[in-house]
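Visitor: The structure is given below, and queries will be raised subsequently.
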Amino acid sequence: MDSLTSLAQGFAVALTLTNLLYALAGTAIGTLVGVLPGIGPALTIALLLPLTYGLEPSSTFIMFAGIYYGAMYGGSTTSILLKTPGEAGSIVTAIDGNKMARAGRGAAALATAAIGSFVAGALATAALAIAAPAIVRIAVRLGPHDYLALMVMAFLTVSALLGRSVLRGLLSLSLGLVIGLIGIDFQSGQARLDFGLVRLLDGIDVVLVIVGLFAIGEVLYVAAHQTGAAFSIARFTGRMMSREDWRRSWKPWLRGTAIGFPMGTIPSGGSEIPTFLSYSLEKKLSKHPEEFGHGAIEGVAGPEAANNANAAGVLVPLLTLGIPTSATAAVILVAFQQYGIQPGPQLLTTQAPLVWGLIASLFIGNLMLLLLNLPLVRVWVKILQIPKPYLYAGIALFALLGAYTLNGAVFDVWVMAGIGLLGYVMRRFGVPVAPLIIGAILGPLAELQLRRALDISAGDLGILVSSPFSITVYVLLVVAIVLPRVLARRTGARARVDAAV
């Protein structure tokens with residue numbers, strides 16, 4: 001009942017005219033961002049951060065939430081019509097979605113993606129409203145060593161499960177941790193990794209890191225490796241959804257939600273894993289497994305539901321523990337810190353109108369997105385006709401202006417350009433970016449919790465595994481990293497035996 005009362009108060013905040021307009025703006029921008037390949041919600045929110053300093057926090061975060069959800073919706077459009085996912089979570093959608101579009105069923109594929117996203121978003125947001133207060137009641141009892149265990153879990157699972165190589169993930173994490181250490185250590189007062197540059201004493205602004213990696217890195221990669229000045233778009237044809245399509249879609253929507261939301265609440269390496277799990281499950285349960293890979297509607301419905309449910313799940317550890325489990329959540333954490341707000345167990349008490357207004361706005365934004373996506377999908381497709389040189393030149397210009405407006409310093413522009421070059425190199429050699437961002441943001445916080453724990457124990461390292469909670473977290477961490485590799489080896493061994501037979 002407390003959650004329902006708080007949610008009702010949140011709707012009172014979200015339903016004001018000003019916040020409704022910001023929600024509409026966020027959902028429209030988010031859909032546009034999702035439609036344009038290579039431009040994700042993390043980059044968009046980072047670019048908008050300098051422009052939102054004068055806004056009310058509730059309006060800012062309602063708009064950011066709309067961008068976050070909108071990008072999940074919009075990413076399916078490029079996956080289906082271009083076979084080019086606008087967001088990592090839409091990779092699986094491209095497999096069958098594009099096949100449906102090429103077979104003249106693009107409208108049905110886009111419809112099941114939009115409706116599935118709406119169903120999953122609504123159910124997952126309701127679960128967020130129920131889960132958040134319950135997790136807070138647990139979180140207030142945790143000590144610094146427990147929080148450190150959660151951060152270590154976030155570091156290692158995101159690094160090990162994201163990308164093709166554990167070594168590359170750990171390399172990305174290490175780079176992020178090093179960037180997070182630049183500047184003055186506020187406990188000892190010593191300058192670290194400043195190379196004698198006064199401007200580095202305050203550290204590197206995380207916004208510069210994010211914009212450099214995503215915007216400049218993406219622009220450099222596209223300029224160096226992609227050919228052609230225009231996108232190749234499949235025709236938007238066919239009727240929306242038949243009765244048979246509805247019958248085959250509603251169960252995958254629910255199953256996708258059940259997979260995506262809980263996997264968003266834990267550091268599981270992003271939205272790729274739940275979408276792949278949903279796709280595999282639907283293929284096993286389908287009466288038409290032969291259609292998968294050739295245009296099965298379940299292969300679009302399930303993963304898209306898992307993708308949007310995962311987006312809501314990511315907000316649970318962010319709001320209740322202050323721990324981001326994705327690049328976009330990390331940027332939203334930075335946005336909170338820009339307003340002097342630290343997400344964590346006290347957030348629902350100290351900033352109750354803000355948090356519940358944000359959660360309520362997710363319901364409203366979800367409905368707006370359904371209304372925007374189904375009738376206006378042809379409009380979003382038109383945007384893909386923008387020539388690539390103009391599109392990416394605009395992104396680069398906006399990124400450079402955003403970097404300069406942070407502090408009015410040309411030095412920041414050069415720092416962002418250097419990080420952008422690093423982002424290009426990482427993209428070129430398949431090194432994931434998300435571990436670097438999470439390392440740069442959580443690294444200083446993890447160091448703080450480690451020092452607090454060691455101060456309490458007078459330097460005894462045993463305190464790090466002194467509670468049932470921290471031990472459980474480390475055991476789960478080992479299982480999460482080791483089990484998938486054991487199963488993969490078993491599967492490979494069986495395949496070799498079957499081939500030999």
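Visitor: Starting from the Cα of residue 225, move 7 Å in the Cα-to-Cβ direction to define the label point; list residues of the range 176-193 whose amide nitrogen is under 13 Å from there.
Guide: Flagged as within label range: none.
Visitor: Relative to the first principal axis of the alpha-carbon coordinates of the chain, what is the inclination of helix 106-139, with its axis defined by its Cα atoms, in degrees from 0 to 90 and to the nearest 10?
Guide: It is inclined by approximately 30 degrees.
Visitor: In nm, give the distance between the simple-model label positions of residue 284 and residue 167, each being 7 Å from the Cα along the Cα-to-Cβ direction.
Guide: Distance between label points: 3.2 nm.
Visitor: Hey, another quick one. What accessible surface, in Å², does a 1.4 Å probe find on residue 225, ignoring ligands, DNA and RNA and rounding to the nearest 10?
Guide: Its accessible surface works out to 80 Å², give or take rounding.
Visitor: Give the calculated FRET efficiency between residue 409 and residue 174 to the nearest 0.05, with a Förster radius of 22 Å applied to their Cβ-Cβ distance.
Guide: My answer for the efficiency is 0.20.
Visitor: For residue 457, what accessible area in Å² do you get when you roll a 1.4 Å probe over the heavy atoms of the protein chains, rounding to the nearest 10?
Guide: 30 Å²
Visitor: Report, in degrees rounded to the nearest 10, the 0 to 90 angle that the Cα long axis of helix 2-14 makes with the longest principal axis of the chain.
Guide: 80 degrees
Visitor: Can you put 138, 437, 115 in order of accessible area, largest first, using a 1.4 Å probe?
Guide: 138, 115, 437
Visitor: Once the piece of chain linking residue 17 and residue 243 is laid out straight, how much longer is it, given 0.36 nm per residue of separation minus the C-alpha distance between them?
Guide: Using 0.36 nm per residue and subtracting the Cα-Cα distance, I get 77.6 nm.
Visitor: Using 0.36 nm per residue of separation minus the Cα-Cα distance, give me the extension gain between residue 474 and residue 190 in nm, one decimal.
Guide: This chain segment gains 99.1 nm when fully extended.
Visitor: With a 1.4 Å probe and every protein chain left in place, tell me how much accessible area residue 5 has, in Å² to the nearest 10.
Guide: Rounded to the nearest 10, that gives 80 Å².
Visitor: Could you work out how much longer the chain between residue 448 and residue 398 gets when fully extended? Use 0.36 nm per residue separation minus the Cα distance between them, nm to one decimal.
Guide: In short, 14.6 nm is gained.
Visitor: Work out the FRET efficiency for residue 458 and residue 371 from their Cβ-Cβ distance, taking R0 = 51 Å, and round it to the nearest 0.05.
Guide: Numbers: r = 60 Å, r/R0 = 1.17.
Efficiency computed from Cβ-Cβ geometry: 0.30.
Visitor: Same structure again: Can you match volume of the Cα convex hull per residue in Å³ to one of these, (1) 148; (2) 178; (3) 161, based on a calculation from the structure here?
Guide: Working out volume of the Cα convex hull per residue in Å³ from the coordinates points to (3).
The values are calculated or read from the model by the stated rules, or taken from the named source; none is laboratory data. Just so we're clear, the structure is a prediction, and the values are computed from it rather than from any experiment. Cβ coordinates were reconstructed from backbone atoms using ideal geometry, including for glycine residues, and neighbour counts include every protein chain displayed. To get the accessible areas, we keep the full protein, side chains included, count just its heavy atoms, and leave off ligands, DNA and RNA. Shrake-Rupley method; radii C 1.70, N 1.55, O 1.52, S 1.80 Å.
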